[in-house]
Amino acid sequence: MKTAQTIYENGNHKWLALVRDPSRPGYLIDTNEYLVAVGDDAILLDPGGAEVFPAVFSALSAEFDPRQLGKLFASHQDPDIISSLSLWLEFNPAIKCHISWLWTSFVPHFGGNDETFVAIPDAGTDILVGGQRLQAVPAHYLHSSGNFNLYDPKAKILFSGDIGAALLPPEADGLFVEDFDRHIRHAEAFHRRWMGSDRAKRDWCSRVSAMDIDMLCPQHGAIYRGEDVKRFIDWFANLEVGVLKY
Amino acid sequence: MSALSLPAASRQNAGQELRRIVRINEEIKKVVTTAFKINLMAMNAIFLAKRAGQSALGFGVLSNELRRFAMDLQRQMETLRIATTDSVVVVTGLVKQTRVERIFQRTLAVSKGQGRRMVEACLRARNDRYSGDESGGVTALNRRLSQMISDTAQLVELGSVLARSAKIEAAYGGTFSTSLMQVSSDFEQTISDIQKSLDTLTKHQSQEFAG
């Protein structure tokens with residue numbers, strides 16, 4: 001089962017990473033889910049696919065009262081991101097799912113109705129969680145055409161969705177990046193193939209370089225901390241993407 | 001069955017039920033095609049009887065009846081097709097609920113404390129919501145489908161009698177007797193094919209649905 005690990009805590013403001021499920025079947029890609037709790041309000045970032053719902057729910061409820069979960073954030077529309085939506089709605093039919101406007105009529109195929117979705121405009125928006133303002137940061141075409149990161153300016157954490165993702169072998173699946181050069185090898189093929197636009201990549205690198213980030217948290221793989229955040233942005237800026245060679 | 005187990009065993013067999021409905025639908029399509037063929041054959045038989053004149057009056061009457069039979073059969077098969085479509089909607093809902101149920105059972109197995117209590121409450125609410133509701137819906141649809149297949153079998157039996165009578169009337173067809181005999185034999189063979197399809201339909205329909 002997944003475990004919930006606290007990656008940030010300051011008073012009633014907390015970030016939990018729900019990670020690493022050793023019992024996960026090999027045919028399902030591993031995913032990281034993050035919970036941002038501020039007081040008695042919380043938002044779950046990229047809640048995951050339906051098949052990993054038991055692991056996510058049990059890890060979350062071990063550390064947090066799931067009745068307080070009223071918001072979901074979906075970086076984009078993929079099944080490993082949000083196909084568990086209908087299951088979360090079983091617990092709280094009033095739950096709100098924040099997602100790019102582009103996907104608000106596609107994702108209801110996974111569940112929900114016109115009351116469920118809060119459309120994020122292309123330029124991004126703020127999402128209020130327990131009085132804390134989180135920022136939906138545009139990351140379009142990286143990889144999805146309607147794609148957002150979520151930045152917490154107080155915690156200085158950027159949830160980066162698929163950006164920064166790495167497909168780690170079991171012997172190197174620590175929660176944090178410890179050796180950047182060794183780690184980034186597991187991220188390279190993923191970024192070359194999945195990130196479709198060099199221009200969008202440069203825009204994103206320029207945007208996030210100006211932000212004060214202590215942790216960059218991807219949806220797959222390990223979390224970048226401290227200097228590794230800048231190392232990653234520089235590495236990504238120089239990577240050739242959107243070119244398939246076969 | 002515990003309060004938190006599946007509300008109806010039928011959900012476990014929803015996939016099997018869906019496959020059974022697909023088989024029934026394929027058989028219905030065969031009968032519809034054949035009924036259309038009988039309609040055309042009956043129209044040809046009516047023209048042939050007219051050409052044969054006085055000696056084929058009885059054959060002409062039976063040809064008209066066979067055409068009416070073909071149209072009734074087409075209508076009956078359309079009703080059956082709608083009934084199977086309704087079944088697909090209900091059973092697809094069951095398949096979806098089965099998957100959700102399975103995921104919640106897995107969640108229950110790994111949850112503790114408040115989370116576990118929430119899953120239990122959710123499963124109880126689902127049981128109340130769906131208990132008997134969907135499986136009852138499938139049972140009612142199945143009963144309706146069985147009744148329709150039985151009605152169709154009676155209609156086809158009538159068609160079979162008409163085809164046999166047409167064969168007898170063909171013997172009185174004078175110089176047209178051979179042609180009329182050929183046409184009535186074709187009717188008999190085609191209606192026999194429909195009966196075989198209906199037997200298959202009855203077999204698929206009678207396969208016990210665990211719900």
I'd like the mean, over residues of A:62-68, of how many other protein chain beta carbons sit within 10 Å of each residue's own Cβ. 3
For residue A:117, other-chain or 5+-apart residues with amide H closer than 5 Å (H placed, Pro excluded) are A:97
Rh_Kirkwood(segment A:94-246) over Cα pairs, Å, one decimal, evaluates to 16.3 Å
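Given only helices, namely DSSP H runs of n ≥ 4 each adding -39500 (n - 2.57), what is the per-residue ellipticity at 222 nm of the protein assembly as shown, to the nearest 500 deg cm²/dmol? Before the final figure, lay out the partial values.
On the way: 11 runs with 240 residues, N = 457.
When only DSSP H runs of four or more count, the value is -18500 deg cm²/dmol.
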Backbone HN-Hα couplings from phi across segment A:70-76 [Karplus 6.51/-1.76/1.60, Hz, Gly and Pro as x]: x, 9, 10, 10, 10, 4, 7
Would you mind putting A:138-148, A:225-235 in packing order, based on average other-beta-carbon counts within 10 Å, highest first? A:138-148, A:225-235
Measure out, as a whole number of angstrom, how far apart the alpha-carbon centroids of segment A:32-55 and segment B:18-96 sit. 56 Å
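Please sort through the DSSP H helices of chain B and keep those with an alpha-carbon extent of at least 30 Å along the long axis and a Kyte-Doolittle average not below -0.5.
B:14-52, B:57-110, B:133-170
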For q values of 0.10, 0.13, 0.17 Å⁻¹, compute log₁₀ I(q)/I(0) with the Debye formula on a Cα-only model of chain B, without solvent. -0.57, -0.75, -1.01
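Quick check: from the Cα gyration tensor, does segment A:10-74 come out rounded (a/c under 1.5), prolate or oblate?
Because a/c hits 1.5 or more and a/b exceeds b/c, segment A:10-74 counts as prolate.
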Could you sort out which of A:96/B:96; A:156/B:96; B:96/B:196 sit more than 32 Å apart by Cα distance in this structure? A:156/B:96; B:96/B:196
With a ≥ b ≥ c the root eigenvalues of the C-alpha gyration tensor of segment A:119-184, is it rounded (a/c under 1.5), prolate (a/b larger than b/c) or oblate? oblate
Contact order normalised by residue count of segment A:175-246, Cα under 8 Å, 6+ apart, percent: 47 percent
From Cα pairs below 8 angstrom and at least 6 apart in sequence, can you work out the relative contact order of chain B, rounded to a whole percent? 37 percent
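Sequence gap at least 6, Cα distance under 8 Å: using those rules, report the relative contact order of chain A to the nearest whole percent.
Worked out over chain A, it gives 14 percent.
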When A:163, A:95, B:28 are arranged by how many other beta-carbons sit within 10 Å of their Cβ, fewest first, they go A:95, B:28, A:163
How compact and how long is the protein assembly as shown, expressed as Rg and Dmax of its alpha-carbon atoms in Å? 32.4, 106
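Values in this text are rule-based calculations from the coordinates and carry no lab data. Just so it is clear, the model here is predicted, and its values are computed rather than measured. Virtual Cβ from ideal backbone geometry, glycine too; neighbours counted across all protein chains shown.
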